[in-house]
1. So is Val49 touching a residue at least 60 places away in the same chain (Cβ under 8 Å) and within 21 Å of the chain's Cα centre (by Cα) or not?
2. Which condition breaks for Ile305 when tested against (1) in contact with a helix residue (DSSP H, G or I) (Cβ under 9 Å, 6 or more places away or on another chain); (2) at pLDDT below 80?
3. Do we have Thr118 as open to solvent by 20 Å² or more (accessible area, probe 1.4 Å) and polar (S, T, N, Q) here?
4. Please find, among Ile245, Ile275, the residue that is modelled with pLDDT of 90 or more and either farther than 20 Å from Ile108 by Cβ or part of a helix (DSSP H, G or I) (or both).
5. Among the candidates Pro103, Pro46, Pro97, single out the residue that is crowded, with 24+ Cβ neighbours inside 10 Å, out of contact with any Phe, Trp or Tyr (no Cβ under 8 Å at 6 or more places or on another chain) and closer than 25 Å to Ala20 by Cα.
6. Of the residues Ala138, Ala126, which single one is hydrophobic (A, V, I, L, M, F, W, C), at pLDDT 85 or above and either within 20 Å of Ile305 (Cβ to Cβ) or under 22 Å from the mean Cα position of the chain (by Cα) (or both)?
7. Is it the case, given these coordinates, that Ile108 is crowded, with 21+ Cβ neighbours inside 10 Å and of a type outside the set (Gly, Ala, Ser)?
8. Cβ-Cβ distance below 9 Å, separation of 6 or more or different chains: which pairs start in the stretch 59-81 with a residue that is farther than 20 Å from Leu34 by Cβ and end on one that is among the aromatic types (Phe, Trp, Tyr) and surrounded by fewer than 21 Cβ atoms within 10 Å (Cβ to Cβ)?
Amino acid sequence: MKDAPLLGFTVAAIAAIPFAAYIFPRKLSRLPVLEYQCWLSLAVAPIGVLFAYLFGGGLDISHPMVGFAFICGPIWTLGSICYSKAVDHIGVARSTPVKNLAPMFAAIYGIAIFGEYTINDPISLAMTIGGVGFMISAASVLGKAGANENEKALAYDHRLSDMQRKALMTKGWIYSALTAFFYGLYAIPVKHALRNDMEAATLCAWLGIGVLASSSFALFIVKKRIWPTWPGMREFRLGQIAGGIWITAQTLGTVAMQYVPMAISWPVTNLSTLIAIAWGVWVFHEVRIERHLREVVVAIFLYSIGLVLLALAAPKGQV
């Protein structure tokens with residue numbers, strides 16, 4: 001089963017859908033970032049454990065990779081907090097393409113640290129690097145599309161001065177870049193645990209427990225309490241929906257890594273950019289499609305080339 005690149009490629013593409021969707025409840029939530037993160041994590045951990053018992057080997061406390069799986073949680077929590085801050089500052093449609101530079105980091109780690117592709121097979125290595133490059137370029141093109149007059153994020157509040165909005169915009173881009181860094185970084189312990197025969201669902205359960213623990217810890221550091229007050233049913237549901245969507249995406253993405261190199265699977269999940277931008281266009285009205293049709297068409301073209309290159313390279317990589 002380890003040698004099933006088509007399966008891994010397909011699962012990674014499916015994971016892109018929930019990876020795009022989990023941030024949208026944040027747009028509807030009125031909670032501060034850390035409180036929202038805690039309520040999100042309250043869904044991530046138990047659902048992850050449920051998946052582990054349904055589809056994996058349970059929690060498997062004796063497995064030597066438990067610590068590596070757990071540490072993924074705090075790293076992801078840092079990324080999640082940064083992503084929520086980025087959305088608050090500059091919106092989903094602008095923060096998501098930058099956030100989705102994370103697969104670039106993951107691809108670099110996969111090649112440089114885990115030797116998924118080497119110079120011994122220069123064609124496959126070139127296709128992988130080229131595919132990642134095309135998909136990152138597509139994300140960059142989409143990031144240029146915007147309609148500031150309809151944006152509700154802080155950087156577009158016309159009640160603020162130009163200097164204040166510029167500062168908020170800068171913070172938004174910084175938060176987005178940090179999101180990409182942290183979301184790429186936790187791929188290292190994930191890959192290490194998988195290579196040491198940890199089940200994907202079990203790994204994600206411990207990751208989820210790490211998310212819950214680190215979210216509570218972050219709140220304690222800032223607010224000096226381990227859990228937020230009851231936010232009301234509406235906010236609770238938004239957090240639970242977001243957490244449930246994310247742990248589903250993460251489990252699918254981790255399963256994909258068992259069958260194709262992460263230099264392939266993580267960039268394929270980058271398709272979430274297209275979905276997030278589409279949501280930003282038609283639901284949140286962040287982007288005026290009639291003004292940016294050219295960018296959208298170019299981005300789809302670049303994504304298509306990138307996907308083809310990654311699909312061709314997938315069977316040649318070392319999982």
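The values are calculated or read from the model by the stated rules, or taken from the named source; none is laboratory data. Keep in mind that what you see is a predicted model, and the values were worked out from it rather than measured. With ideal geometry, Cβ positions are generated from the backbone for all residues, glycine too; neighbour counts draw on all protein chains shown. SASA here: full protein model, heavy atoms, side chains in, ligands and nucleic acids out. Shrake-Rupley method; radii C 1.70, N 1.55, O 1.52, S 1.80 Å.
1. Yes.
2. Ile305 satisfies all of (1) in contact with a helix residue (DSSP H, G or I) (Cβ under 9 Å, 6 or more places away or on another chain); (2) at pLDDT below 80 except (2).
3. Taking the combined requirement at face value, the residue satisfies it.
4. Just a single option satisfies the conditions, and that option is Ile245.
5. Every option except Pro97 fails the conditions.
6. Of Ala138, Ala126, the one residue that is hydrophobic (A, V, I, L, M, F, W, C), at pLDDT 85 or above and either within 20 Å of Ile305 (Cβ to Cβ) or under 22 Å from the mean Cα position of the chain (by Cα) (or both) is Ala126.
7. no
8. Leu59/Tyr53
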